[in-house]
Each structure stands twice: as C-alpha cells, then as structure tokens.
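*Asks:* Would you mind keeping the following structure in view while I ask a few things?
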Amino acid sequence: MPMQACVSPAAVSLYDARPFFEKALQFGVQNGILDRQKLDAISTDAPKGMVQIARYFGNEFLRPDLEKAKDRIVNLVSLYLESSSGGDLRLAAESLRDHSFLSRSKGGSDMLKALLALPESNGFDAELEQSDPGAPVKGLAEWSLKSLADYQAELARRQPIKQEKDAAIWLAGQLGLELAELEDAHTHAEAVIRTALLVFSTKGSEWPDWVEFEKMLAGLRTKSRPAPNSVAGKTEKAAKTGRFSMVVPENLPDEFREVVLALQPSILADLALLLDSPLPARALFAMDGDEQAPPLLGRYFWLEDLASELDHHERSVSAAWDKVTGGNGDEGSLLTLLVCVAAGAAPKTVLSEKSAAALVRKIQKAGAKPGFDPALSSQYLRDWAPAHYQDDYLQLWADFVEESQSTLQSDSTFALQDALALLRRECHVKS
C-alpha cells in the first residue's frame, strides 16, 4: 500500500489576498494604533478621494467609474504603505495614524507618476506634449491598479535605461551636442556612448559627421596599437586591446561610470572587426542600397551633414580626376584622355607618335568590334569628372566626336595619316 505524504500544519500558510491597506488598517485597530477618531477621518476622506479619482479618469457621476475609483484609491494607498514600510504592518499602521488617508493616496500616485516619467527605451525621441494638460498621465489608469511587485519590476527595468540615457546626454554635451540634436536624429543612448568613447580615445573634441567619423576610423586602422603613456592596471581610464587604448573622460560622474564601462568589451570587439576587416568603413557601418545589413549598423552615431558629405565627395572626385589627368585641364589633354577611353585603351593625356599610331590602327582595324565607342568616354566623365565641369566636358567631347569620328574610323587609303593629323591637331601627341 503506497505511503501517503504527511504535511505538518506548521508547513501550511494561508495566502492573504486582501489589499495591503486593509491588512494595515486591521492590524492598527487590533493593536490600538488607530483609534475611532482616526477611523472616522479615513471614512470621511475616502469618499472625497474616490470622487476626485473618478473625475480625473472619467466621470464622478457614473457608478462604474466610482467603483473603479474605489479600487484605485485603495490600491494607491496600499502601494505607498507597503513600499514605504517595507511590508511591515506596524509601520504601515503608524503611517496611517500620523498622516491623512488622502496623503497616502497621493504618495502612491506620485510613485506611479515618477515611474511613468522614466524612459521606456534608450531611444532619443522628442517628447510629445499632451494636448490637454489636465488629461490623465499616459499609463496611469493601468498602473493605478497594479501591485507593488509589478511596480518594483518595472522600476528595476526603467532605472538602468534612465541612467544610460543620462550618461549619453552627458557625454554628448562634452562634445558640443545637445539633447534636442539627439532627439532630432532619433538615435539611441548606446550608440551615443560608443561613439563618444571613440572620439575621446582619438583625442577628438567635437561630435563627428560621417566624414569626420570615417577619418577617425581610418586613423584607428593606421595606428592600431596601444596609446602611448597609458598606465597599466587603470582599467577605468583605459581598456586595452593590444592595439588600441580606450579612454574614459576623467571627469565622468561616478553615477555614469558603471554603465559606460560596461560597454567597453563590446566596443573593443567592434574595433577588432574594424581593424581586421578588408572592407571599407562604410561597408561595416552604413547601408548602401539593398545590400545585406552591415555588421555594425546602428551601433554608432554620427551627425548627418549633407553639405559636408557632398563637399568631401567633390574633393575626393577632384583629387581622383587630378590624378588621372595629371592636373592638366586643357582641351588637348582632355580629348587625348577621352579618345583613349573610347578606344578601350589606358587613359593618358599625352601620346607618343608610336602610341598614337597604334591607337588609330586599333580604332580602324577591319573586322574587329567597334574600336571607337564615344559613349564609354561620356560615361567616364560622369563617373570621374568633377560635377561642376561635367556639362562643359561632355559638350567638348560631343563636338569633337561629331567632327572627328568619321576621320578616326575611316577605311580610306590615307585614313591612318588623316587620323594621326587629327590627333596631332586636337590632342597631345609628342613627336
């Protein structure tokens, strides 16, 4: 016969589902803490508070709203008493004795309003003002009926988020960036902290746009070694990868130090990827077209400055164009370059007699694919020429093609000599 488990009566505890206020009230009465005068005061204040709450959330003239208001005021008082007393019924009863019932209700309401004022996420977005200042605080209706355990769990979730955002705001401020700019950019606290630490570690003094951010990354790749004069063992000042020293501002407030230092290992892992990857920085950090999301997308934040990026792009294009043309912008050099491109030859701005003859023979070679394609040179100009010169260059090329293409592609008896004469006249051909 199977043995039945014996449960001691001492091992059984009753679950008391009453609101904490009711338990504190009963304890106070039973232990002489709350007298008749105090009970009468509570009986007078409670209906007043119920009407106020019903009016705040709905209509004080509707019975369902009043019933809900009763539940809310009891829960608000319970929330405050249980939190402030740590669950000690004697302390809670003494709080009811020494203070008004409505003040305990307000205490619970203030707790919830403070909770709901904490950020729900680490993203920066402009706070939308309530159209009606007298309207209930968003979320308060729901939270006014929740337990202390729910409140404590949500508080534990939101407080670190607030700390992280405050740390990000402080770091951004050290680099000249205000909260409104973070909100306009719709960035998030972690990206701000990560970027700020990189800027401080590379001795920057202002928040970077993409051009400056890219230069900063290029500098890290060039100098991927520990920073000089770093002090071993001072992990709060510098965390080393062996190739890089990450610096935390010395004046960082103590309340932000933990949340900032917690991100260091992750940042160092990102840097290891950056320093080892053969890909350009943009391929690691930013989306281009419909390609697969890069590994570091959204983890760092730079200012969007279209004018700066366009200026940088134009400078880069101009530098590349100057390298191709050797700095020669005269018509002869440009036409020589474009004839070479149209013929499928290496771009040059000067041809020798021998190379010019070889180029013409290539263009005029019978039976081959078209040896002269002006569209190639037009596209070359669009790809490489500085934007403010492109229209003029394209017109120069179009005029040349219209006048010279038939000569260059001629198959007449004297075609080679005529084409060479044309190149000597219009282009740069060294004798």
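*Asks:* Highest mean first, what order results for 71-83, 395-407, 162-174 on Cβ atoms within 10 Å?
*Replies:* On the way: 71-83: 23.8, 395-407: 14.9, 162-174: 20.0.
Descending mean neighbour count gives 71-83, 162-174, 395-407.
*Asks:* Take ASP254, ASP270 and sort them by solvent-accessible surface of the protein heavy atoms, 1.4 Å probe, largest at the top.
*Replies:* Values: ASP254 125, ASP270 15 Å².
Solvent-accessible surface, decreasing: ASP254, ASP270.
*Asks:* Residue by residue through the stretch 207-215, which ³J(HN,Hα) values in whole Hz follow from phi under the Karplus form 6.51 cos²θ - 1.76 cosθ + 1.60 (θ = phi - 60°), with glycine and proline marked x?
*Replies:* Result, ordered by residue: 6, x, 8, 4, 4, 5, 4, 5, 5 Hz.
*Asks:* Hey, which of these cross-link pairs are over 25 Å Cα-Cα: LYS68/LYS165; LYS23/LYS162; LYS48/LYS146?
*Replies:* On the way: LYS68/LYS165 36 Å; LYS23/LYS162 34 Å; LYS48/LYS146 22 Å.
Violating the 25 Å Cα-Cα cut-off are LYS68/LYS165; LYS23/LYS162.
*Asks:* Using a 1.4 Å probe, what is the accessible area per residue for the stretch 25-97, in Å²? Mind showing how you got there, number by number?
*Replies:* Working: 4080 Å² over 73 residues.
Spelled out: the 1.4 Å probe surface of the stretch 25-97, per residue, equals 56 Å².
*Asks:* Can you pull a Stokes-Einstein diffusion coefficient for the stretch 339-431 at 25 °C (0.890 mPa s), Rh from Kirkwood over Cα pairs, as a whole number of µm²/s?
*Replies:* Values: Rh = 13.6 Å.
Stokes-Einstein gives a translational diffusion coefficient of 180 µm²/s.
*Asks:* Moving to a separate point now. Determine the gain in length on full extension of the stretch SER431-LEU118; use 0.36 nm per residue of separation and subtract their C-alpha separation, reporting nm with one decimal. Spell out each step's value before the answer.
*Replies:* Working: separation 313, 0.36 × 313 = 112.68 nm, distance 7.98 nm.
104.7 nm is the gain from fully extending SER431 to LEU118.
*Asks:* A follow-up question, please. Mind pulling the per residue volume of the convex hull built on the Cα atoms of the stretch 160-207? Å³ is fine. Intermediate values should be presented prior to the final figure.
*Replies:* Numbers: hull volume 2.9 nm³, N = 48.
Normalising the Cα hull of the stretch 160-207 by residue number yields 61 Å³.
*Asks:* Over the stretch 152-193, give the accessible area per residue in Å² for a 1.4 Å probe, as an integer. Mind showing how you got there, number by number?
*Replies:* Working: 1940 Å² over 42 residues.
Ligands and nucleic acids excluded, the result is 46 Å² per residue.
*Asks:* Can you give me the % of accessible surface on the stretch 85-224 that is carbon or sulfur? Probe 1.4 Å, all protein chains present, nothing else counted. Please list the in-between numbers first.
*Replies:* On the way: 3500 of 7060 Å².
Carbon and sulfur together cover 50 percent of it.
*Asks:* Something else: Kindly sort TRP384, TRP321 by accessible area of their heavy atoms, largest first, with the probe set to 1.4 Å.
*Replies:* If we order TRP384, TRP321 from most to least accessible, we get TRP384, TRP321.
*Asks:* If you count only protein heavy atoms and use a 1.4 Å probe, how large is the accessible surface of MET111, to the nearest 10 Å²?
*Replies:* Solvent-accessible area, nearest 10 Å²: 30 Å².
*Asks:* Whose amide H sits under 5 Å from the amide H of SER245, counting only residues 5 or more places off or on another chain, with H placed in the peptide plane?
*Replies:* For SER245, whose amide H was placed from the backbone, the distant partners under 5 Å are ALA227.
*Asks:* Given R₀ = 35 Å, what would the calculated FRET efficiency be for LEU376 paired with ALA286, taking r from the Cβ atoms and rounding to 0.05?
*Replies:* On the way: r = 31 Å, r/R0 = 0.87.
Approximately 0.70, to the nearest 0.05.
*Asks:* Now, a different point. With each label point set 7 Å from Cα along the Cα-Cβ vector, what nm distance links ASP150 and SER100?
*Replies:* Rounded to a tenth, the inter-label distance reads 2.8 nm.
*Asks:* I need the phi-derived Karplus couplings for the stretch 73-89: 6.51 cos²θ - 1.76 cosθ + 1.60, θ = phi - 60°, integer Hz, Gly and Pro marked x.
*Replies:* Here the 3J(HN,Hα) series is 5, 5, 5, 5, 5, 4, 4, 5, 4, 5, 5, 6, 9, x, x, 7, 5 Hz.
The values are calculated or read from the model by the stated rules, or taken from the named source; none is laboratory data. Here the structure is a predicted model, which means the values were calculated and not measured. As a convention, Cβ positions derive from the backbone with ideal geometry for all residues, glycine included, and neighbour counts pool all protein chains shown. Accessible surface is based on the protein model in full, side chains and every heavy atom, while ligands, DNA and RNA are left aside. Shrake-Rupley method; radii C 1.70, N 1.55, O 1.52, S 1.80 Å.
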